[in-house]
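Below: one structure, written as structure tokens.
Rule-based calculations on the coordinates, nothing more; no lab input. A quick note: this is a predicted structure, and the numbers were derived from the prediction, not measured. A quick note on method: Cβ atoms are made from the backbone with ideal geometry, for glycine too, and the neighbour counts reach across all protein chains shown.
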Number of protein chains: 2
Amino acid sequence: MTKTLLAIHGGAGTLLKSEMSPEKEAAYLAALNAALLAGNTVLASGGSALEAVEIAVRSMEDSPLFNAGKGSVFTATGEHEMDASIMNGKDRMAGAVAGVRGIKNPVSLARKVMEKTEHVLLAGKGAEDFAKEIGEPFESEAYFHDELRYKQWQMVKGTDTVKLDHDLNPEKKLGTVGAVALDKQGNIAAATSTGGMTNKRYGRVGDSPIIGSGTYARNETCAVSCTGSGEFFLRGVVAYEVSALIEFKGLSLQGACDEVIQKRLLELGGDGGLIALDRNGDHALVFNTEGMYRGFIKEGEKASVSIYGS
Amino acid sequence: MTKTLLAIHGGAGTLLKSEMSPEKEAAYLAALNAALLAGNTVLASGGSALEAVEIAVRSMEDSPLFNAGKGSVFTATGEHEMDASIMNGKDRMAGAVAGVRGIKNPVSLARKVMEKTEHVLLAGKGAEDFAKEIGEPFESEAYFHDELRYKQWQMVKGTDTVKLDHDLNPEKKLGTVGAVALDKQGNIAAATSTGGMTNKRYGRVGDSPIIGSGTYARNETCAVSCTGSGEFFLRGVVAYEVSALIEFKGLSLQGACDEVIQKRLLELGGDGGLIALDRNGDHALVFNTEGMYRGFIKEGEKASVSIYGS
């Protein structure tokens, strides 16, 4: 049987090293370890890669530390609009939701879109109607209210978001969570979830719910989950590009990830990172930002989590 | 200067040959010719490929014959929800809208998302708010009301859409319009627009507004606009896959399009087609369905339009 592997990220929009305290760092590392443990428990008991990425992402969605689920940032109107997607490498089935409000775990709703409908992507109120019909858990505004996120929003409310995104607080632009896994059966899967951009307007959708841009999985090549400046990941079709470089150009997993993040994405002007793995047990955690909340665990080895460095 | 080229499609969901009358066929061919003429006038006067694909798609959006803009099909609640996207091969800038109601020309709104925001994709009410702010033209429900579309909806209203999609009326599932162009400056562009699926629910979004799946353009490789069973085009990341096969595997434009539509898409179980061209003046109009409303015109040559055959 295949040796299992799980990798996760909590976004390439980390706090600047200069703003990170030992207490905050410990909290982030603990949350990453908890997500790894949750997903790895699934894999260790023979569960599927699909189940493992869902569970790992749910764990991060349930933490207030990451910009996804409970920790989602505020939109321009003070709401929380979330996006998520999931893809199964075995059959390339996929599901995604965009711009949903009040859903406790968007990644689980994405999985249900995949399993209970003929569709891949449901958006907005329609996706919420679907969630209600199937009894998917909702939470109140209070659940999603976080004082830090609220203050971040108050700082930029009514102003030109875009400028401030770059200048003051990269975290709110690059906040995302994701997971990729390899199970005992040799199947791989990927999932991504986000709370979007602080003060975002106009129903903006980034790469997180888009198959091929934010998430991709195909047993023959790799499973990928991205985090970064969403618009550039959309234009670069980043997640699928890693797969295409492996399949069509024969690059290694690490080679393909480096080529995409350190070269092609930079040429477009985009910043961020991705996590990827393949069924041979190779994995890559690549980013062109100061840091990326990340971790991985291989069957029989100790879990590893980190924030900065390369 | 480069010899200009323009190709268009009005969807791979054509009427079955057995249901096509000479009068209907003449009307479709006339509408395709009108769209080619509109786009080609832009190219002939030195306009950009980006402008040409927008104008050609607008022409088809304004016709009741195609499932886009005015001719959009009815959703399960009797509304019209439209999607569109556009991409400029010169700089890979892109814009898209998903699930917008009342917009006269979604492709033009997609272009304005590209040019007037830092975003690529806006969805639902947020996209409509943006349209209002910039003064984009809206139309009333009456404008979008078409008796044939209404009857199609009445046939399936309140029933299991999905089954009927396959059995009775492929047109409503595969209806889309799109254009790709090469201008005198040697730049290429692509655009796609759709009215979605008859009786669609839950805010379903297909491939048409997704960069990499329904639309893609990059000067170094190709411009592509797709039409077909959207979920399979999303999972296959079809439009970008054509580009990747050219760039990473060295396939010709025609070779890449054939590989994607006649082999890889079929392996996934998808049906439909695409139009593509490159800056060398090569073009391909490929589909695995009975027909695809389509046309192309090369500078100095006569326009060609057709529906069936290969």
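Distance in nm between label sites at B:Glu133 and A:Glu267, each 7 Å beyond Cα in the beta-carbon direction?
Reported label-point gap for B:Glu133 and A:Glu267 is 3.3 nm.
My understanding is that a pair violates if its Cα-Cα distance is over 18 Å; which of A:Lys151/A:Lys200; A:Lys157/A:Lys200; A:Lys70/A:Lys104; A:Lys90/A:Lys184; A:Lys70/A:Lys298 do that in this structure? Mind dumping the intermediate values first?
On the way: A:Lys151/A:Lys200 15 Å; A:Lys157/A:Lys200 10 Å; A:Lys70/A:Lys104 7 Å; A:Lys90/A:Lys184 13 Å; A:Lys70/A:Lys298 28 Å.
Pairs exceeding the cut-off: A:Lys70/A:Lys298.
How many nm is it between the label spots at B:Leu29 and A:Ala26, if each spot is 7 Å from the Cα in line with the beta carbon?
With each label point 7 Å from Cα toward Cβ, the separation is 7.9 nm.
Taking a label point 7 Å from Cα toward Cβ, how far is A:Pro22 from its twins in the other copies, in nm, shortest first?
List, nearest first: 9.0 nm.
Average partner chain C-beta neighbours within 10 Å, per residue of A:205-215?
On the way: counts 14, 3, 4, 0, 4, 10, 9, 13, 8, 0, 0.
Across A:205-215, the average partner-chain Cβ count within 10 Å equals 6.
Once you put a point 7 Å from the Cα of A:Lys302 and another 7 Å from the Cα of B:Glu301, both along the Cβ direction, what distance in nm separates them?
For A:Lys302 paired with B:Glu301, the spin-label model returns 6.7 nm.
Which net charge results for the neighbourhood of A:Ser48, defined as the other residues with beta-carbon distances under 14 angstrom from its beta-carbon, given Lys and Arg at +1 and Asp and Glu at -1? Spell out each step's value before the answer.
Working: positive: A:Lys90, A:Arg111, A:Lys184, A:Arg279; negative: A:Glu51, A:Glu54, A:Asp91, A:Glu115, A:Asp183.
With Lys, Arg at +1 and Asp, Glu at -1, the net is -1.
So what are the radius of gyration and Dmax for the Cα set of the stretch A:145-300, in Å?
Values for the stretch A:145-300 (Cα only, Rg and Dmax): 16.1, 51 Å.
Sort the following peptides by mean Cβ neighbour count (other Cβ atoms within 10 Å, averaged over residues), highest first: B:69-77, A:251-259. Walk me through the intermediate numbers first.
Numbers: B:69-77: 23.2, A:251-259: 19.3.
Put in order of decreasing packing, that is B:69-77, A:251-259.
If R₀ is 51 angstrom, what is the calculated FRET efficiency for the pair A:Lys157 and B:Thr159, using the beta carbon separation as r and rounding to 0.05?
Numbers: r = 46 Å, r/R0 = 0.90.
The calculated FRET efficiency here is 0.65.
Quick one: compute the contact order of chain B, relative version, from alpha carbon pairs under 8 angstrom and 6+ residues apart, as a percent. Mind dumping the intermediate values first?
Details: 843 pairs, mean separation 78.7, N = 310.
Reported relative contact order: 25 percent.
Across the residues of A:191-204, average count of Cβ atoms on other protein chains within 10 Å?
Values: counts 0, 0, 0, 0, 0, 0, 2, 0, 0, 2, 7, 16, 15, 11.
Rounded to a whole number, the mean comes out at 4.
What's the local net charge at B:Glu299, with K and R +1, D and E -1, over the other residues with C-beta under 9 Å away?
Summing Lys/Arg as +1 and Asp/Glu as -1 gives +2.
For peptide B:93-101, how many partner chain Cβ atoms fall within 10 Å of a residue's Cβ, on average? Please report the intermediate quantities before stating the final value.
Values: counts 3, 3, 0, 2, 3, 7, 8, 1, 0.
Mean shielding count: 3.
What does the charge dipole of chain A about its Cα centre add up to, to the nearest 20 debye, if the Cβ of each Lys and Arg holds +1 and the Cβ of each Asp and Glu holds -1?
Working: 33 positive and 40 negative charges, 11 e Å.
That gives chain A a dipole magnitude of about 60 debye.
Most mobile of A:Ala27, A:Ala276, A:Ala44 per a Gaussian network model of chain A (Cα springs, under 10 Å)?
In the Gaussian network model the winner is A:Ala27.
By the scheme Lys and Arg +1, Asp and Glu -1, what is the net charge of all other residues having a beta-carbon under 10 Å from that of A:Ser243?
Details: positive: A:Arg218; negative: A:Glu220, A:Glu241, A:Glu247, A:Asp278, B:Glu241.
Summing Lys/Arg as +1 and Asp/Glu as -1 gives -4.
Per the Kirkwood definition applied to all pairs of different Cα atoms, how many angstroms is the hydrodynamic radius of the stretch A:5-308?
Values: mean 1/r = 0.0543 Å⁻¹.
Computed over Cα pairs of the stretch A:5-308, the Kirkwood hydrodynamic radius comes out at 18.4 Å.
So what are the radius of gyration and Dmax for the Cα set of the protein assembly as shown, in Å?
When restricted to the Cα atoms of the protein assembly as shown, Rg and Dmax are 22.9, 77 Å.
When the Cα centres of the stretch A:93-138 and the stretch B:1-57 are compared, how far apart do they sit, in Å?
Cα centres, the stretch A:93-138 to the stretch B:1-57: 37 Å.
Using amide H atoms built 1.01 Å from N in the peptide plane, name the residues 5+ places from A:Tyr216, or on other chains, whose amide H lies under 5 Å from its own.
Hits under the 5 Å cutoff: A:Val224.
Counting other Cβ atoms within 10 Å of each Cβ, which trypsin sites (Lys or Arg not before Pro) in the stretch A:257-310 have at most 10 and sit in a DSSP loop?
Working: sites: A:Lys263, A:Arg264, A:Arg279, A:Arg294, A:Lys298, A:Lys302; in loops: A:Arg279, A:Lys302.
Sites meeting the loop and neighbour criteria: A:Lys302.
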